[in-house]
Amino acid sequence: MTKMKTAKQMERHLKGISNHYRIGILLLVAARGGITLEDIVEMIGANEKTIGEHTRRLYQAGLLNKKHRGKFVEHTLSPYGKTFVLFLQSFQKT
């Protein structure tokens with residue numbers, strides 16, 4: 001049986017995607033899992049500090065996973081991140 005999320009828990013995830021950069025990052029990570037911050041910056045075309053802050057917020061919201069590989073950090077979607085990407089993709093098409 002699946003445990004229902006509280007309104008506060010859902011708010012945490014929804015606030016996590018409440019920015020156009022964060023939405024773009026989630027969609028990019030979904031398309032190219034295991035992507036580094038440097039690759040995200042290059043593909044989105046924004047400042048590294050800005051993108052770093054947005055990936056940090058996505059991580060705190062439980063939507064991204066981070067894995068350290070030497071001096072780089074790879075970003076992948078968490079299970080909740082995958083759910084939100086499916087929602088965003090379906091929302092994008094309507």
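The values are calculated or read from the model by the stated rules, or taken from the named source; none is laboratory data. Bear in mind that the values here come from a model prediction, so they are computed numbers and not experimental data. Virtual Cβ from ideal backbone geometry, glycine too; neighbours counted across all protein chains shown.
Yes or no, residue by residue, for (1) out of contact with any Asp or Glu (no Cβ under 8 Å at 6 or more places or on another chain); (2) under 16 Å from H13 (Cα atoms); (3) free of Cβ contacts under 8 Å to residues at least 60 places away in the same chain:
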| residue | (1), (2), (3) |
| --- | --- |
| I23 | yes, yes, no |
| V29 | yes, no, yes |
| E38 | no, no, yes |
| G45 | yes, no, yes |
| L63 | yes, yes, yes |
| K66 | no, no, yes |
| F72 | no, no, yes |
| L77 | yes, yes, yes |
Filter result for the condition that a residue is of a type outside the set (G, A, S) and part of a strand (DSSP E or B), over H68, H13: H68
Filtered residues of segment 48-63 (kept if surrounded by fewer than 16 Cβ atoms within 10 Å (Cβ to Cβ) and over 11 Å from Y21 (Cα atoms)): E48, K49, R56, Q60
Residue check for A30: in contact with a helix residue (DSSP H, G or I) (Cβ under 7 Å, 6 or more places away or on another chain), farther than 22 Å from G70 by Cα and part of a loop (DSSP other than H, G, I, E, B): no
Where a residue in segment 1-19 is under 22 Å from A46 (Cβ atoms) and its partner, wherever it lies, is at pLDDT 90 or above and charged (D, E, K, R), with Cβ under 9 Å and at least six apart: K15/R57; G16/R22; G16/R57; N19/R57
K3 vs. criteria assigned to a helix (DSSP H, G or I), modelled with pLDDT under 95 and out of contact with any Phe, Trp or Tyr (no Cβ under 6 Å at 6 or more places or on another chain): no
Residues that are outside any loop (DSSP other than H, G, I, E, B) and surrounded by fewer than 16 Cβ atoms within 10 Å (Cβ to Cβ), drawn from segment 16-26: H20
